[in-house]
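One structure below.
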Amino acid sequence: MTNPVVKCTVDQCTHYMPGDQCMAAKISIYNEETGTSDTSKDTQCKSFHHRKTMGDMLGAFHNANIGGSLSAAFIEGTQITPVVECFVNNCNHWHDNNVCTATNIDVFGENAGKTDDTDCKTFEKKK
């Protein structure tokens, strides 16, 4: 199974790359503290790392997708595709072993300052 294409508009994150791409090697989607999600607002991207200083960028380097970022920068039409793990097991796209079966994932969080400010817009509650 291939990784979903990630569109991220959380431009305050150290992993954000212009063009709404995520240059993290892996993103992790979790439920909010309630333990279960009813809407996308109840989800969060645990890979969010607030970008304020150069130190923040260096602190997030351990989760950087260097190869994907370089390819996207120099090869026209290349999309960075991080590994996605999802712990929101009541999402329609969740599968065993925390695999996300969606082909595209939208992560958003306007003016995010912390993980709780981010959401997985792709969330669809299982019926």
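The values are calculated or read from the model by the stated rules, or taken from the named source; none is laboratory data. Just so it is clear, the model here is predicted, and its values are computed rather than measured. As a convention, Cβ positions derive from the backbone with ideal geometry for all residues, glycine included, and neighbour counts pool all protein chains shown. Surface accessibility is based on the protein's heavy atoms, side chains included, excluding ligands, DNA and RNA. Shrake-Rupley method; radii C 1.70, N 1.55, O 1.52, S 1.80 Å.
Give me a count of the residues in the stretch 8-46 that are open to solvent by less than 10 Å² (accessible area, probe 1.4 Å), part of a loop (DSSP other than H, G, I, E, B), over 10 Å from Cys120 (Cβ atoms) and of a type in the set (Gly, Ala, Ser). Here the count works out to 0.
For Asp119, only one of the following conditions fails: (1) at pLDDT 95 or above; (2) open to solvent by 40 Å² or more (accessible area, probe 1.4 Å). What is its number? Going through (1) at pLDDT 95 or above; (2) open to solvent by 40 Å² or more (accessible area, probe 1.4 Å) one by one, Asp119 breaks only (2).
Out of curiosity, is Asp106 at pLDDT 95 or above and charged (D, E, K, R)? In short, yes.
Could you tell me whether Ser37 is hydroxyl-bearing (Ser, Thr, Tyr) and at pLDDT 90 or above? Criteria met by Ser37. Could you go through the stretch 67-80 and let me know if any residue there is at pLDDT 80 or above, open to solvent by 80 Å² or more (accessible area, probe 1.4 Å) and part of a loop (DSSP other than H, G, I, E, B). The answer is no, given that none of the residues of the stretch 67-80 is at pLDDT 80 or above, open to solvent by 80 Å² or more (accessible area, probe 1.4 Å) and part of a loop (DSSP other than H, G, I, E, B).
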